[in-house]
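The values are calculated or read from the model by the stated rules, or taken from the named source; none is laboratory data. What you see is a predicted model, and the numbers here were worked out from it, not measured in a lab. With ideal geometry, Cβ positions are generated from the backbone for all residues, glycine too; neighbour counts draw on all protein chains shown. The protein model used for the area step is the full one, side chains on, heavy atoms only, and it has no ligands, DNA or RNA in it. Shrake-Rupley method; radii C 1.70, N 1.55, O 1.52, S 1.80 Å.
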Amino acid sequence: MGLSGALARLAVRATRVLVVEVPGHWATRMEVEHQLLRRGWRPAWTPADADVLAVCGVPGPELSELVDRLWEQMPGPRVRADITSPGTVGSALDAAAALLLDTPHHRTDAQERAQEPEIPEDADHGGHGGMGHGGMDHGEMDHGGHGGMDHSGHGGMDHGGMDHGEMDHGGHGGMDHSGHGGMDMAPGGIALAGGGEDRDGLEMDVLHLPLGPVLPFWPAGLVLRCSLQGDVVVDAEASVVDGAGAGGPGPGPAPAAVVWCDQVMALLALAGVEDAAACARRARDALLCGDEDAARDAVERLDRTVRRSWLLRSSLRGVLLLDRAGLERHGLPGHCRGDAHDRLLSRVERIRAEAGGTEPTPAEDGGVPWAVVPDLVTGLELASVRLAVASLDLDPHPAVQAVGHG
């Protein structure tokens, strides 16, 4: 018993936390991230990796349903922490740590939980309403092969036990693949790719893939439903889960420099430049705490790291290139001109100006409307979509639920 307890306490020191941010509750999410760093805990990117599910804010009905599905997908031992404000983060995480050591609690949870997560019968797993298939990180999948499946040939899968090598592919063996011949072509409740016409007039598989609303370094509440041919986005639609503030009021708009640091941190983390992302996080936290000296020091380090990184240049050059005509067509501010690397340098310079107390950014440099996101990502390769979204100065508090269709 003593050895088991010691091992359990050691495991708690390596706790992994899946964070869900209710739109508008940025301050609670940032405090959770700060507390995780202090405790030596690490963020989890999928439910399968998580020990604790931390919900920042009070979710509305749509997000509540998604959070329940995430909870179903988490293996035991597991703990859920509902955190309503930044001031309650510490106590909520302390309670989660204690509950992770409560063996009787976990035995009861294992006995009562469903053996297999339920998929709602009315869910549209074609990507319109699937909410990212339980909020899992599709950005981690190999989308060049769609998670290991060759959709042009259906991944060599044996559909219904039939040997496709024996079939007449000119007529598909008498089967109607447009309607799947009455067969269930949604194994596990997840639909396979359907047919669609490409630019050459040939039929290609079209995969409907939702991104969000629970993804690492992704705007809170955003669901971007992408239609893919191969690895190219041919159509997109965006919405905000529950609309803005439906789950209860947040602390209001974040200070501009804090938002910019948070967005820069997300872009750098997605690009894999961890040291620069850490500088951006330190600058963000110092600005939140009002520590001007620490903020200036972190921002200067961030600027040097970003400008010297060849990895950033190679990763971000050419991602969502916008010229003057593109800015005018989409009604975007001037600081969006160029590619993702140009926008990164521009935003770091704006952070330096803000942290250094110089004149504020000109009024023309406003945020990017959420309604234009589907048009901006259409035509991009899927691997670039998250980098493209992270490179934009999006308003973190959208005012409507339906924000656009590409």
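Here are some notes:
- Conditions (1) touching a helix residue (DSSP H, G or I) at 6+ places or on another chain (Cβ under 7 Å); (2) under 26 Å from residue 214 (Cβ atoms); (3) part of a helix (DSSP H, G or I): number failed by residue 319: (3)
- Annotation: residue 220 fulfils all but one of (1) surrounded by fewer than 24 Cβ atoms within 10 Å (Cβ to Cβ); (2) at pLDDT 85 or above; (3) closer than 29 Å to residue 350 by Cβ; (4) of a type in the set (Gly, Ala, Ser); the unmet one is (1).
- Verdict on residue 330 being under 25 Å from residue 377 (Cα atoms) and more than 22 Å from the chain's Cα centre (by Cα): yes
- Residue match in segment 334-357 (condition: over 24 Å from residue 269 (Cα atoms), open to solvent by 60 Å² or more (accessible area, probe 1.4 Å) and either modelled with pLDDT of 90 or more or part of a loop (DSSP other than H, G, I, E, B) (or both)): yes
- When 296, 282 are screened for being open to solvent by 20 Å² or more (accessible area, probe 1.4 Å) and within 22 Å of the chain's Cα centre (by Cα), only 282 passes.
- Test result for residue 227, farther than 18 Å from residue 316 by Cα, modelled with pLDDT under 90 and not in a loop (DSSP other than H, G, I, E, B): no
- Output for segment 251-301, where each listed residue is assigned to a loop (DSSP other than H, G, I, E, B) and at negative phi: 251, 253, 254, 255, 271, 273, 291
- Every residue from segment 374-388 that is in a helix (DSSP H, G or I) and surrounded by fewer than 19 Cβ atoms within 10 Å (Cβ to Cβ): 375, 383
- Only a single criterion out of (1) open to solvent by less than 40 Å² (accessible area, probe 1.4 Å); (2) assigned to a helix (DSSP H, G or I); (3) modelled with pLDDT under 90 is not satisfied by residue 371, namely (1).
- Selected residue [of a type outside the set (D, E, K, R), out of contact with any Phe, Trp or Tyr (no Cβ under 6 Å at 6 or more places or on another chain) and over 30 Å from residue 65 (Cα atoms)] from 239, 314: 314
- The single residue among 79, 52 that is open to solvent by less than 20 Å² (accessible area, probe 1.4 Å), more than 19 Å from the chain's Cα centre (by Cα) and either modelled with pLDDT under 95 or not small (Gly, Ala, Ser) (or both) turns out to be 79.
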